[in-house]
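Below is one structure, written out as C-alpha cells; comments come after it.
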Amino acid sequence: MKIVLTPRLSEKVVALAEEHLPAGYELVVARGDEELAAALPAADFLMGTASRPFTPAALAAMGNLKLVQLFSAGYDAVDLAAMRRLRLPVANNGGANAIGVAEHAIMLMLAVYRDLAALNDRVKSGNWRRGAIGGQNFLELTGKTVGIVGLGMIGREVAKHLRGFDCELIYYDVYRPAGEVERELGVNYKPLVELLARADVVTLHTPLTEQTHHMINRETLRTMKRSAVLINAARGGLVDPEALFEALKEGVIAGAGLDVTEPEPPPADWPLLQLPNVTFSPHVAGSTVEGWPRRLQNAYANIDRVAAGQNPLWVVPELRGLVG
C-alpha cells in the first residue's frame, strides 16, 4: 500500500518517516502542491501536516484514499466539508505532541511571569541588572489559579505537569469528561465566563472551529483579572488579535505568551510585536526531538488499523459519523 507524505517537513522528519515505515508499505514524499496532486490518485493513505488548505487539484485526486492521518492535533486547515463529501475520515495525532505542547505552555507562563525575553536581551546587551535589587515585579507560578480551556490530551497533560506547582486547576470544555478524570487530574469544571474571571493564568488548548474562532475577544478579555496572563499554544484564530492588543496596551490584562498568531507569520509591523508584555515563539510548541517518533508511531499504527479493516482512532469530531 502507498502512503503519501505531505509537504513542509524537514529532511530529518522525512528520514524518520522512512526509518519507521512498516513492512508492506511504500512511502512517497510529495514536496509541493503539484507533486501532491500527482501522487494522490495511486495512494491509499495521506500522512503529514495540514498547515495550509489542500488545493482543488489535490482534493480532486483523493477519491481512492482510505484515511488522512495528521501529525498535528489541530485540523483547522482541512476542508471538512470536502472530506465529508468524499467520505474520507481525518485523524489527528492521538496526543503524540501533548507533552511538548504542555511543557511549552508552562514555559511561556514562567517566561511571562519572569519577563525572561527582556532579561535575556538585557544581559546580552551588557546590562546585567537594571535598578535596585528587589525592584522587579517578578511573579511565581506556584499557588496561582490556572484556567485550562480545552481538556483534551494536551490540556490534560498541562494539568498533570502543573500539579508540581501546587496550582489550583480549573477547566472549561464543551465535552466534560467523567468525574474520575477530573479527580485524577485534580481539576474542577467551571463555565468559561467564571474560569476567565477567576484564573491568574488562562491557557488555551482547544481546536480552532467556527464555534471557537475569536473566543478570546474584547468582551471575554474584559472579564479577566487585570493581573491575568493569557497563554496560547493552540491556534492563533482562537484570539482576536486587535482585542488582545488593546487589552494588553490598556492594562485590561497583564501579559501574554503566544506560540501561535493570527496571521502566521505576523507582519513586521504587527502591533502586538511592539508590546513589551508579550512573549512569542514561532508555532513550535509541539516540535520536539522526542515527539516526532511518537507522531510517526501513532500515524503508522492508525494506518495499519485501517489497512486491516478496522476503524481508525482519533477521527476529528466533525467526521466521526463516517466510521463505526
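The values are calculated or read from the model by the stated rules, or taken from the named source; none is laboratory data. Just so we're clear, the structure is a prediction, and the values are computed from it rather than from any experiment. Don't worry about glycine lacking a Cβ; one is built from the backbone with ideal geometry, like all the others, and counts go over all protein chains shown. Ligands, DNA and RNA are excluded from the accessible area calculation, which covers all protein heavy atoms including side chains. Shrake-Rupley method; radii C 1.70, N 1.55, O 1.52, S 1.80 Å.
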*Mind checking which residues of the range 146-192 are within 19 Å of residue 214 (Cα to Cα), surrounded by fewer than 21 Cβ atoms within 10 Å (Cβ to Cβ) and hydrophobic (A, V, I, L, M, F, W, C)?*
174, 192
_Restricting the range 121-145 to residues that are of a type in the set (Ser, Thr, Tyr) and closer than 25 Å to residue 197 by Cβ, the residue that is surrounded by the most Cβ atoms within 10 Å (Cβ to Cβ)_ = 145
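To keep it simple, each residue is scored yes or no on (1) at pLDDT below 95; (2) open to solvent by 40 Å² or more (accessible area, probe 1.4 Å); (3) within 24 Å of residue 163 (Cα to Cα).
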residue: 194; (1), (2), (3): no, yes, yes
residue: 197; (1), (2), (3): no, yes, yes
residue: 206; (1), (2), (3): no, no, yes
residue: 214; (1), (2), (3): no, yes, no
residue: 224; (1), (2), (3): no, no, yes
residue: 244; (1), (2), (3): no, no, no
residue: 275; (1), (2), (3): no, no, no
residue: 299; (1), (2), (3): no, no, no
*Could you list all residues from the range 301-323 that are in a helix (DSSP H, G or I), farther than 30 Å from residue 240 by Cβ and at pLDDT below 95?*
321, 322
*Taking residue 118 and the conditions (1) surrounded by 16 or more Cβ atoms within 10 Å (Cβ to Cβ); (2) touching a residue at least 60 places away in the same chain (Cβ under 8 Å); (3) not hydroxyl-bearing (Ser, Thr, Tyr), which numbered condition does it fall short on, given that it satisfies the others?*
(1)
*Using the structure shown, decide if residue 95 is touching a helix residue (DSSP H, G or I) at 6+ places or on another chain (Cβ under 8 Å), open to solvent by 20 Å² or more (accessible area, probe 1.4 Å) and farther than 26 Å from residue 145 by Cβ.*
no
*asked:* Can you find a residue that is open to solvent by 30 Å² or more (accessible area, probe 1.4 Å), in a loop (DSSP other than H, G, I, E, B) and modelled with pLDDT of 95 or more anywhere in the range 25-42?
replied: yes
*Is there any pair with a first residue in the range 130-154 that is under 17 Å from residue 230 (Cα atoms) and among the charged types (D, E, K, R) and a second that is open to solvent by less than 60 Å² (accessible area, probe 1.4 Å) and modelled with pLDDT of 95 or more whose Cβ atoms are under 8 Å apart and which are 6 or more apart or on different chains, and what are they?*
140/113; 144/165; 144/167; 144/200; 144/201
